[in-house]
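The structure appears right after this line, and notes come after that.
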Amino acid sequence: MIYSRIAGTGSYLPEKVVTNSDLEKIVDTTDQWIQDRTGIKKRHIAADGETTCDLAEKASRNALEAAGITASEIDLVIVATTTPDLIFPSTACLLQQRLGIAGPTAFDIQAVCTGFVYALSIAEKFIKSGSHKRALVVGAETLSRIIDWSDRNTCVLFGDGAGAVIVEASDEPGIIASHLHADGAYESLLRVPVGVSSGFEQMIRGEGYVEMKGSEVFKMAVTTLGRIVDETLASTGLQKSDIDWLIPHQANIRIIKATAKKLRTPMDRVVVTVHDHGNTSAASIPLAFDTAVRDGRIKRGEILMMEAFGGGFTWGSVLLKY
Ligand code: UT7
């Protein structure tokens with residue numbers, strides 16, 4: 001049996017910080033409201049000209065260093081993003097060029113906030129098949145570019161960033177289970193209603209922004225995230241009490257707390273970084289993962305549950321032994 005183990009993690013947040021007080025100056029909101037309803041204190045925003053690939057490259061180099069390998073040892077590059085630099089080539093191909101590695105398989109995955117979970121699960125399937133040995137899996141976003149900065153319902157929620165992991169073939173677990181789901185029927189609750197083959201003119205005029213019916217998304221997220229964790233545990237025979245760390249998608253502290261409560265996981269076993277960077281979509285789980293690895297909370301041999309919910313709707317989980 002070929003397993004996939006995490007060999008190293010990395011992340012990167014852009015230098016520019018926008019606090020809740022900064023947002024009080026541009027929309028009708030308060031620091032109190034944002035903290036009470038979301039847990040967010042600040043978010044990082046990419047500088048003019050700084051792209052998703054720039055963030056992905058920095059996170060990737062950190063992950064390569066942590067794994068103690070060079071980019072030339074990578075044979076699969078997957079970038080999860082909803083905010084690619086270009087329509088094409090993919091951000092994964094742009095990243096590959098930056099890292100100077102010609103040849104490896106490289107492609108993007110678009111599953112919005114569940115993107116990293118999708119990408120990690122796909123990398124594991126490639127490795128398990130024996131076709132690839134070592135993958136660079138990245139979640140990277142410049143969400144700030146598709147936010148209407150005059151809409152208080154959305155602009156207080158999102159931020160930019162990137163996280164990356166190196167996944168490699170191993171005789172021992174590794175990724176134990178992953179589950180991926182989607183239901184396109186909920187498109188109208190969370191979307192950016194412009195694109196290449198519909199509304200391209202609006203897109204190039206910069207008129208396409210995130211639209212969200214927040215409270216409806218909230219309810220679906222809480223119900224679905226509890227279910228996916230149960231599904232994943234049931235497929236492995238592990239119990240809720242076997243989970244050492246829950247690494248949830250960082251959208252809202254209230255969603256995170258509600259999921260932890262359902263799992264009966266105490267909050268001191270949940271990695272929370274939403275206060276520092278807001279919702280960074282596909283980047284949020286690898287950002288949280290890397291933070292808790294680097295500050296020494298997550299240790300080798302521990303059982304981690306990652307779970308995410310996002311536009312599509314998409315949702316999924318990865319259970320792994322670190
Ligand atoms: O990442 C993938 C999925 N996304 C999510 O998981 C996000 C899910 N949704 C949420 O996190 C929450 O629904 C929000 C944080 C977006 C909103 O929190 P809420 O508790 O659901 O608030 P609400 O939408 O029900 O709005 C409550 C009130 C409204 O005013 P009225 O109608 O009660 O007078 C809003 O207009 O809060 C108002 N409001 C604000 N007030 C101050 C909405 N945004 C703001 C704001 N500042 N930024």
Problem set entry | Asp36 under 18 Å from the mean Cα position of the chain (by Cα), of a type in the set (Asp, Glu) and over 12 Å from Val137 (Cα atoms) | no
Seminar exercise, completed: By residue number, the members of region 251-269 that are under 16 Å from the mean Cα position of the chain (by Cα) and among the aliphatic types (A, V, I, L, M) are Ala251, Ile253, Ile255, Ile256
Seminar exercise, completed: Residues in region 118-159 that are within 13 Å of the ligand (Cβ to nearest atom) and in contact with a His (Cβ under 8 Å, 6 or more places away or on another chain) total 1
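Charged (D, E, K, R), at pLDDT 95 or above and either within 19 Å of Ala164 (Cβ to Cβ) or in contact with a strand residue (DSSP E or B) (Cβ under 8 Å, 6 or more places away or on another chain) (or both): is that true of Glu231 in this structure? Full working, then the answer.
Details: charged (D, E, K, R): yes; at pLDDT 95 or above: no; either within 19 Å of Ala164 (Cβ to Cβ) or in contact with a strand residue (DSSP E or B) (Cβ under 8 Å, 6 or more places away or on another chain) (or both): yes.
Taking the combined requirement at face value, the residue does not satisfy it.
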For this session: Check whether at least one residue in region 49-70 is within 16 Å of the ligand (Cβ to nearest atom) and modelled with pLDDT of 95 or more, and report yes or no.
Result: no
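Quick one: would you say Asp108 is acidic (Asp, Glu), in a strand (DSSP E or B), free of Cβ contacts under 8 Å to residues at least 40 places away in the same chain and more than 16 Å from the ligand (Cβ to nearest atom)? It would help to see each step written out before you state the result.
Details: acidic (Asp, Glu): yes; in a strand (DSSP E or B): yes; free of Cβ contacts under 8 Å to residues at least 40 places away in the same chain: yes; more than 16 Å from the ligand (Cβ to nearest atom): yes.
So Asp108 passes the test.
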Problem set entry | Residues being of a type in the set (Gly, Ala, Ser) and surrounded by 23 or more Cβ atoms within 10 Å (Cβ to Cβ) - total across region 288-310 | 3
Exercise. When region 147-168 is examined, which residues are found to be surrounded by fewer than 19 Cβ atoms within 10 Å (Cβ to Cβ) and either in a strand (DSSP E or B) or of a type in the set (Lys, Arg) (or both)?
Worked result: Arg152
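Of these, Pro193, Pro248, which one is free of Cβ contacts under 8 Å to residues at least 40 places away in the same chain and either surrounded by 15 or more Cβ atoms within 10 Å (Cβ to Cβ) or touching a strand residue (DSSP E or B) at 6+ places or on another chain (Cβ under 9 Å) (or both)?
On the way: Pro248 fails: free of Cβ contacts under 8 Å to residues at least 40 places away in the same chain.
Just one listed residue meets the conditions, Pro193.
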Problem set entry | Candidate set from region 1-40 (those that are surrounded by fewer than 17 Cβ atoms within 10 Å (Cβ to Cβ) and assigned to a strand (DSSP E or B)); member that is nearest to the ligand (Cβ to nearest atom) | Thr19
Exercise. Hey, any hits in region 196-215 for a residue that's under 15 Å from the mean Cα position of the chain (by Cα), within 14 Å of the ligand (Cβ to nearest atom) and either surrounded by fewer than 22 Cβ atoms within 10 Å (Cβ to Cβ) or on the phi < 0 side of the Ramachandran plot (or both)?
Worked result: no
For this session: Output the number of the condition that Leu233 fails; it satisfies all remaining conditions of (1) farther than 25 Å from Pro84 by Cβ; (2) away from the ligand (no atom under 14 Å from the Cβ); (3) surrounded by fewer than 14 Cβ atoms within 10 Å (Cβ to Cβ); (4) under 23 Å from the mean Cα position of the chain (by Cα).
Result: (3)
Problem set entry | Selection count where residues are under 25 Å from Val156 (Cα atoms), among the aliphatic types (A, V, I, L, M) and either modelled with pLDDT under 95 or within 14 Å of the ligand (Cβ to nearest atom) (or both), scope region 242-277 | 7
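Within region 162-181, is there a residue that is acidic (Asp, Glu), free of Cβ contacts under 8 Å to residues at least 12 places away in the same chain and more than 16 Å from the ligand (Cβ to nearest atom)? Don't jump to the end; show me each part of the working.
From region 162-181, those acidic (Asp, Glu) are 168, 171-172; that's our starting set.
From what's left, free of Cβ contacts under 8 Å to residues at least 12 places away in the same chain: none.
Among the residues of region 162-181, not one is acidic (Asp, Glu), free of Cβ contacts under 8 Å to residues at least 12 places away in the same chain and more than 16 Å from the ligand (Cβ to nearest atom), which makes the answer no.
Among the candidates Leu86, Leu95, which residue alone is surrounded by fewer than 18 Cβ atoms within 10 Å (Cβ to Cβ) and not in a strand (DSSP E or B)? Give the steps one after another, and end with the answer.
Numbers: Leu95 fails: surrounded by fewer than 18 Cβ atoms within 10 Å (Cβ to Cβ).
The conditions single out Leu86.
The values are calculated or read from the model by the stated rules, or taken from the named source; none is laboratory data. Given the structure is predicted, the values throughout are model-derived calculations rather than measurements. Ideal geometry is used to build each Cβ from the backbone, glycine not excepted, and the neighbour counts take in all protein chains shown.
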